[in-house]
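Working notes for the structure below.
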Amino acid sequence: MVPGARLVILGKQGAGKGTQCTRLARHYVVPHISTGDMLRSAARSGTEFGQRAKEYMDAGELVPDEVMIGLVRERLDYDDTAQRGFILDGFPRNTYQAEQLSHILAPRDIDMAIDVEVDTRIVLERLASRRVCQVCGTNYSVETPPKLEWTCDHCGGEVVQREDDQPEAIRRRLALYEEQTAPLIAWYQDRGKLVTVDGFGRPDEVAGRLVKAIDSRRMS
Ligand code: AMP
């Protein structure tokens, strides 16, 4: 294993990106940069920016591009990413954001964009049963709840259903994914950066597939 990597993770909501990114970040010893987590943390802090972001998120809408690009540019400026790399989760969300990301990173672009493929029927089931810790963001589900009531095993925070995992917001988010984010797959393919991994199966299986695909691509 060679530590350090510059990765973008793509995939529908509910494809298991968050869980897999946490593992990949540990494996490659790089920061996991989740724009959704950054926005949720801003929303919890109750700042004016956070409140505005929350309105977009709760409705399943995308936060304006310029806001997101500014947020990511600032985060990628930290030393940890310059030295070790990063796993970007939730960004870019459309081809404009992808172009801007390339500008921010120039002259050294990402190593690869990984599309975690999962059938829509499965992501709908996963999103409907997903529960998340309000404090640290750990994911649970109705089938795999925390040990004690709905209290997070890691930090003791309250485990709830995300506002944007309600049926209406799920429909909107998946529609936006098809319209705006799915074209990114072809965009990265055209630039020779795309790696596709089957996201169906137990988290351990999917993680194994991801590491194999990433390492074989890095060796080639
Ligand atoms: P996620 O956890 O990645 O599903 O993101 C949750 C919500 O945060 C999304 O539904 C959007 O409202 C917002 N969001 C996250 N990343 C972006 C982005 N790159 N561009 C616009 N909105 C974003």
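The values are calculated or read from the model by the stated rules, or taken from the named source; none is laboratory data. Since the model is a prediction, treat every value here as computed from it, not as a measurement. All Cβ positions, glycine included, derive from the backbone under ideal geometry; neighbour counts span all protein chains shown.
Please tell me if Arg52 is more than 22 Å from Glu178 (Cα to Cα), within 12 Å of the ligand (Cβ to nearest atom) and more than 18 Å from the chain's Cα centre (by Cα).
Values: more than 22 Å from Glu178 (Cα to Cα): yes; within 12 Å of the ligand (Cβ to nearest atom): yes; more than 18 Å from the chain's Cα centre (by Cα): yes.
Taking the combined requirement at face value, the residue satisfies it.
Among the small types (Gly, Ala, Ser), within 24 Å of Arg173 (Cα to Cα) and within 14 Å of the ligand (Cβ to nearest atom): does that describe Ala128? The answer is no for Ala128. It is to be established whether one or more residues within segment 4-21 are among the charged types (D, E, K, R), within 10 Å of the ligand (Cβ to nearest atom), more than 27 Å from Lys212 (Cα to Cα) and in a loop (DSSP other than H, G, I, E, B). Scanning segment 4-21, I find no residue that is among the charged types (D, E, K, R), within 10 Å of the ligand (Cβ to nearest atom), more than 27 Å from Lys212 (Cα to Cα) and in a loop (DSSP other than H, G, I, E, B), so the answer is no.
Filtered by the rule that a residue be farther than 22 Å from Gly16 by Cβ and modelled with pLDDT of 95 or more, segment 77-104 gives Thr95, Tyr96, Glu99, Gln100, Leu101, Ser102, His103, Ile104. Any idea which of Met68, Met57 is within 13 Å of the ligand (Cβ to nearest atom), within 21 Å of Ala169 (Cα to Cα) and touching a Ser or Thr at 6+ places or on another chain (Cβ under 8 Å)? From the options Met68, Met57, the qualifying one is Met68.
Can you spot a residue in segment 80-89 that is more than 10 Å from the ligand (Cβ to nearest atom), among the aromatic types (Phe, Trp, Tyr) and either in contact with a Gly (Cβ under 9 Å, 6 or more places away or on another chain) or under 23 Å from Gly192 (Cα atoms) (or both)? Can you show your working first?
Just the residues of segment 80-89 that are more than 10 Å from the ligand (Cβ to nearest atom), to begin with: 80-87.
After this cut, where a residue has to be among the aromatic types (Phe, Trp, Tyr) as well, the list is 86.
Subsequent filtering for residues that are either in contact with a Gly (Cβ under 9 Å, 6 or more places away or on another chain) or under 23 Å from Gly192 (Cα atoms) (or both) retains 86.
Among the residues of segment 80-89, at least one is more than 10 Å from the ligand (Cβ to nearest atom), among the aromatic types (Phe, Trp, Tyr) and either in contact with a Gly (Cβ under 9 Å, 6 or more places away or on another chain) or under 23 Å from Gly192 (Cα atoms) (or both), which makes the answer yes.
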